[in-house]
Amino acid sequence: MAGVVLKDVCKVYDGGGTTLAVNHVNLTIKDREFMVLVGPSGCGKSTTLRMIAGLEEISSGTISIGDRVVNNVPPKDRDIAMVFQNYALYPHKTVYENMAFGLRLRKFPKADIDKRVRAAAEILGIESYLDRKPKALSGGQRQRVAVGRAIVRKPEVFLFDEPLSNLDAKMRVQMRTEISKLHTRLETTMIYVTHDQIEAMTMGDRICVMKDGLIQQVDTPLNIYDHPANTFVAGFIGTPPMNIFRGTIAKEGEKLFFRNANMSLELPETWTAAAEKFIEKDILFGIRPEDIGSERAELAEKVQHIRAKIEVMEPMGAETYLYLDAPTDNGVSCIARVDAHKQAKVGEVLSLPILVANAHLFDPASTNILV
Ligand code: ADP
């Protein structure tokens, strides 16, 4: 069993000038933890994973697996197994041989190989395909074989690089739960790279959100959702994203308000210390779509409302998204998630309850959360 520790890890690619593809990353992945590295394309998540695997050289800093610094340890001696997006199966070998190959190279006894391959095939439900070649398998089955090849090694750490990106939407959801079950069953450290925030939310014990080579926030999925460190994380984690409005803080008597052309909202007393520095100044106000127009907003103590016109309605089945003519800071419409059976029409002006206690303020200069 092993945790993984990255200390001040940087990566500059040859020919990349001085650009840090990975910028002073400090991250501790605990033994048996499922850590997801997530962020938009180019944020440095694959480079980070490949440095842990030993497939990419580290420009500076140290990486430890267990209690061993592995900077100069070749990939095959790191006790890791990696599952790639493109499966990387040998097309001319059977499923069995694909899974057995790495063990044969390492000169494992034949009986041990057989035991491990059959055990992995059983875990993954691919026992009946062992004699097939990869071309006779569906995408989901191929990905299972790729996972099986990693399992037979019994590594200290599993590394997954966007393993579900080539699958269709339904298969992705199924494989997502299978990998989560596998983690529960194997009790091994897993590090999983994805650009998909839903995979990150649903699979990770903790999530590490990255942007431009820098870690933005590391925490449990719900802590990140409820307390995003900055407006980037607030917009990246959660669909639809958090609505972020620009406005100013106004003071009337002892009360503070967030105001812009579309709304005037009294702020909770507990926010005063953070908000009063911004009186008469620009500020960003963030609120999740489910805190506008929803039942829990309606039932809140001291319920407040915003008035807005419905521009578009998107029925999702279990709920409906209302696009409102209250522009957010990035110019897109405000979105409210309301009951699927709410009586409303496009063009109608509604008074919608808004759960201010669940909202946040962000500093417009740094974009960091204030409260
Ligand atoms: P992600 O996995 O988040 O999409 P990557 O880790 O692949 O991001 O890339 C991070 C940055 O490093 C990007 O700006 C990318 O263009 C750059 N990069 C990745 N691989 C190389 C390479 N082999 N040579 C030069 N630059 C690279």
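Brief remarks follow.
- For region 1-140, the solvent-accessible area with a 1.4 angstrom probe is 51 square angstrom per residue.
- When +1 charges are put on Lys and Arg Cβ atoms and -1 charges on Asp and Glu Cβ atoms, the dipole computed for region 127-225 relative to its Cα centre reaches about 500 debye.
- Relative to one another, the C-alpha centroids of region 58-97 and region 108-128 are positioned 20 Å apart.
- Cα lying deepest toward the dipole's positive end in the chain, options Val346, Thr270, Gln143, charges on Cβ: Gln143
- Cβ-defined net charge surrounding Asp79, 11 Å radius [Lys, Arg +1; Asp, Glu -1]: +3
- Asn260 versus Asp112: modelled label distance in nm, points set 7 Å from Cα along the beta carbon direction: 6.3
- Principal-axis tilt of helix 95-105 within the chain, Cα atoms, nearest 10 degrees: 70
- Projecting the Cα positions of Ala111, Ser165, Leu124 onto the charge dipole of the chain (unit charges on Cβ atoms of Lys, Arg, Asp and Glu, taken about the Cα centre) puts Ala111 furthest along the positive direction.
- Trypsin sites (Lys or Arg not before Pro) restricted to DSSP loop in region 77-126 with at most 15 other C-beta within 10 Å: Lys93, Arg106, Lys107
- Rounded FRET efficiency, nearest 0.05, which uses the C-beta distance separating Ile279 from Ala169 and R0 of 51 Å: 0.60
- Full-extension gain in nm, Arg246 to Tyr90, via 0.36 nm per residue minus C-alpha separation: 50.8 nm
- Relative contact order for the chain, counting Cα pairs under 8 Å that sit 6 or more residues apart, in percent: 15
- Sorted largest first by accessible area at a 1.4 angstrom probe radius, with every protein chain in place, the residues Leu361, Leu355 fall in the order Leu355, Leu361.
- Distance (nanometres) between label positions extended 7 Å along Cα→Cβ at Lys154 and Thr202: 3.2
- Counting 0.36 nm for each residue step from Ser128 to Arg185 and taking away their Cα separation leaves a gain of 18.4 nm.
- Degrees, to the nearest 10: 139-151 long Cα axis against longest axis of the chain: 70
- Whole-Hz couplings from phi, Karplus 6.51/-1.76/1.60, listed for region 27-40; x for Gly and Pro: 8, 10, 9, 6, 3, 6, 7, 9, 9, 10, 9, 9, x, x
- Pair Thr28, Met313: separation of 7 Å Cα→Cβ label points (nm): 5.2
- Ratio Rg/Rh, restricted to region 287-371 and using Cα atoms, in which Rh is the Kirkwood radius: 0.99
- Averaging 1/r across all pairs of distinct Cα atoms in region 149-216 and inverting the result yields a Kirkwood radius of 13.0 Å.
- Non-local Lys pairs in region 18-133, i.e. 8 or more apart or on different chains, that have alpha carbons under 26 Å apart: 16
- Dipole magnitude for region 143-201: computed about the Cα centre from +1 point charges on Lys and Arg Cβ and -1 point charges on Asp and Glu Cβ, it is near 300 debye.
- Surface composition of the chain: carbon and sulfur make up 50 percent of the accessible area, probe 1.4 Å.
- Here the dipole of the chain is about 1840 debye; that uses its Cα centre as origin and unit charges on the Cβ of Lys and Arg (positive) and Asp and Glu (negative).
- Principal-axis tilt of helix 110-124 within the chain, Cα atoms, nearest 10 degrees: 30
- For region 204-306, the solvent-accessible area with a 1.4 angstrom probe is 47 square angstrom per residue.
The values are calculated or read from the model by the stated rules, or taken from the named source; none is laboratory data. All figures in this text were calculated on a predicted structure; none of them were measured in a lab. Here Cβ is always computed from backbone atoms with ideal geometry, including for glycine, and neighbour counts include all displayed protein chains. Please note that ligands, DNA and RNA were not included when accessible areas were found on the heavy atoms of the full protein model with its side chains. Shrake-Rupley method; radii C 1.70, N 1.55, O 1.52, S 1.80 Å.
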